[in-house]
Amino acid sequence: MAIQLAQRATTLTPSLTLAIDAKAKKLKAEGVDVCGFGAGEPDCDTPQHIKDAAAKALAEGFTKYTPSSGIPELRSAIAEKLKADNHLDYKPSQIIVNCGAKHSCYNVILATCQAGDEVIIPAPYWLSYPEMVRLADATPVIVPTSEADGFKLTPEQFRDAMTPATKLVIINSPGNPTGSIYSREEMQALAEVALEEDVLMLSDEIYEKIVYDNAEHVSLAALSPGIYDLTITVNGFSKAYAMTGWRLGYVAAPAPIAAAIDSIQSHSTSNPTSFAQKGALAALKGDQSFVAEMVKAFAERRAYMYDRLTKIPGITCVLPLGAFYMLPNISSFGLTSADFCTKLLEQQKVAAVPGIAFGSDAHMRLSYACSMENIQKGLDRIEAFCASIK
Ligand SMILES: *Cc1c(COP(=O)(O)O)cnc(C)c1O
């Protein structure tokens with residue numbers, strides 16, 4: 001029998017970042033000296049006190065289903081965190097713990113969007129957003145941003161992209177893959193358009209703790225009571241606490257949206273993993289010095305990478321203010337980003353992600369969540385590669 005897949009499965013593009021990472025890992029396993037810049041996760045381990053809390057929960061038999069929305073003490077701790085860090089007033093009942101912030105985003109889209117709805121996504125974007133929108137039978141509306149605007153959606157672009165079908169707008173600050181951060185004024189301007197247009201906003205704040213040069217992270221929902229009512233805030237533990245494998249994230253939303261997400265989750269994944277939630281609780285309640293140390297290490301690598309990249313003839317680069325990615329412009333070499341990255345991997349054994357995966361063929365994404373040694377060696381090779389194809 002010929003297997004007939006559902007259309008939603010066949011039109012999906014497999015995650016190119018995971019594919020490049022897999023290819024680089026395979027080469028490495030074969031003994032090839034690959035410099036990998038594909039990582040979408042911190043390169044350090046989860047802090048010990050977080051692991052200990054999960055191990056203790058496991059040892060004590062905390063191994064059964066929890067409420068689908070998450071354990072009450074974690075939802076309370078998240079409410080306290082959002083108040084203290086982000087000036088956001090959410091009741092624990094408005095907070096749903098999910099299986100990673102990626103799952104949080106997907107739940108938000110499933111709860112709010114359907115066939116006929118449009119979702120505005122500024123490009124370069126995190127590659128899962130458009131696919132999630134398609135999975136919900138809605139239509140992604142990609143709005144290219146410019147380097148001159150620091151890869152940020154302007155209020156004019158926002159207004160122009162609006163149609164009567166627009167249901168949701170996705171804002172990711174600090175952003176992946178751009179590293180861009182919307183200033184308070186820029187965020188305020190977006191909030192004003194959202195209020196005028198009465199459109200829902202998804203604010204993905206997963207990189208909030210990873211900021212440089214004293215940049216300020218601004219939570220969209222904290223700007224006014226009006227925008228609070230239109231915003232769904234997404235955050236999680238993966239990036240701030242190096243907990244990518246734990247699969248824990250959360251949404252904080254207006255009550256009806258939180259209830260809908262709880263309902264969707266109760267019928268799809270049920271609760272996030274019981275003992276992992278105890279680890280997350282320890283992450284929020286425990287010593288926060290880990291975060292600053294990690295960001296300090298990233299800051300050194302960022303400075304070095306930016307310095308080296310911007311000295312390479314043919315490459316230009318916007319200085320990112322957050323996250324752990326750089327998005328150099330490689331368009332002057334006259335290759336597609338996929339060709340550029342394929343040749344770079346084949347000829348110089350450097351793994352970078354083609355910008356086309358993020359909706360921009362003029363760029364490649366380099367992650368600096370890797371060792372300084374890898375960055376130094378990798379940049380020597382990128383430099384040599386660029387000189388060879390000039
Ligand atoms: C890494 C990432 C996430 C979510 O990560 P989880 O591991 O699912 O918590 C969400 N948004 C962006 C932009 C990311 O880069």
Exercise for the section: May I ask you to list the residues in the range 211-232 that are of a type in the set (A, V, I, L, M) and under 19 Å from Y129 (Cβ atoms)? Expected result: L220, A221, L230, I232
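Would a scan of the range 21-40 turn up a residue that is closer than 30 Å to I257 by Cα and either touching a residue at least 40 places away in the same chain (Cβ under 8 Å) or more than 22 Å from the chain's Cα centre (by Cα) (or both)?
If we filter the range 21-40 for residues that are closer than 30 Å to I257 by Cα, which is where we start, we get 40.
The next check asks that each one be either touching a residue at least 40 places away in the same chain (Cβ under 8 Å) or more than 22 Å from the chain's Cα centre (by Cα) (or both); those that pass are 40.
Yes: one or more hits.
What's the total number of residues in the range 159-188 that are over 19 Å from I109 (Cα atoms), crowded, with 17+ Cβ neighbours inside 10 Å and away from the ligand (no atom under 16 Å from the Cβ)?
Count: 2.
If you check A299 against the conditions, is it of a type in the set (A, V, I, L, M, F, W, C) and within 21 Å of V251 (Cα to Cα)?
Against the criterion (of a type in the set (A, V, I, L, M, F, W, C) and within 21 Å of V251 (Cα to Cα)), A299 does not qualify.
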Exercise for the section: Considering each of T233, T244 in turn, give the residue that is β-branched (V, I, T), touching a residue at least 40 places away in the same chain (Cβ under 8 Å) and more than 12 Å from the ligand (Cβ to nearest atom). Expected result: T233
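A quick yes/no check of all residues on (1) outside the structural domain of P72 (by TED's automatic domain parsing); (2) more than 16 Å from the ligand (Cβ to nearest atom); (3) out of contact with any Lys or Arg (no Cβ under 6 Å at 6 or more places or on another chain); (4) among the acidic types (D, E):
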| position | (1), (2), (3), (4) |
| --- | --- |
| I206 | no, no, no, no |
| A240 | no, no, no, no |
| G249 | no, no, yes, no |
| A258 | no, yes, yes, no |
| K278 | no, yes, yes, no |
Completion exercise
Filter the range 331-369 for residues that are outside any loop (DSSP other than H, G, I, E, B) and of a type in the set (V, I, T); the one that is surrounded by the most Cβ atoms within 10 Å (Cβ to Cβ) is V353
Handout entry: the range 1-30, subset at pLDDT 90 or above and part of a loop (DSSP other than H, G, I, E, B), residue least open to solvent (accessible area, probe 1.4 Å)
Key = A6
Handout entry: Matching option when the condition is open to solvent by 70 Å² or more (accessible area, probe 1.4 Å), out of contact with any Gly (no Cβ under 7 Å at 6 or more places or on another chain), of a type outside the set (F, W, Y) and within 16 Å of the ligand (Cβ to nearest atom), among D89, D45, D33
Key = D45
Handout entry: Residue in the range 48-71 that is nearest to N374 (Cα to Cα), counting only those that are among the β-branched types (V, I, T) and surrounded by 15 or more Cβ atoms within 10 Å (Cβ to Cβ)
Key = I50
Practice task
Please report, ordered by residue number, the helices (runs of 4 or more DSSP H) entirely within the range 68-169 with at least 3 residues that are touching a residue at least 40 places away in the same chain (Cβ under 8 Å) and within 19 Å of A222 (Cβ to Cβ).
Solution key: 72-86, 101-112
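The values are calculated or read from the model by the stated rules, or taken from the named source; none is laboratory data. In this text the structure is predicted, and so the values were computed from the model without any measurement. Positions of Cβ are generated from backbone atoms using ideal geometry, with glycine treated the same way; all protein chains shown enter the neighbour counts. Side chains are part of the model used for accessible areas, which takes the heavy atoms of the whole protein and leaves out ligands, DNA and RNA. Shrake-Rupley method; radii C 1.70, N 1.55, O 1.52, S 1.80 Å.
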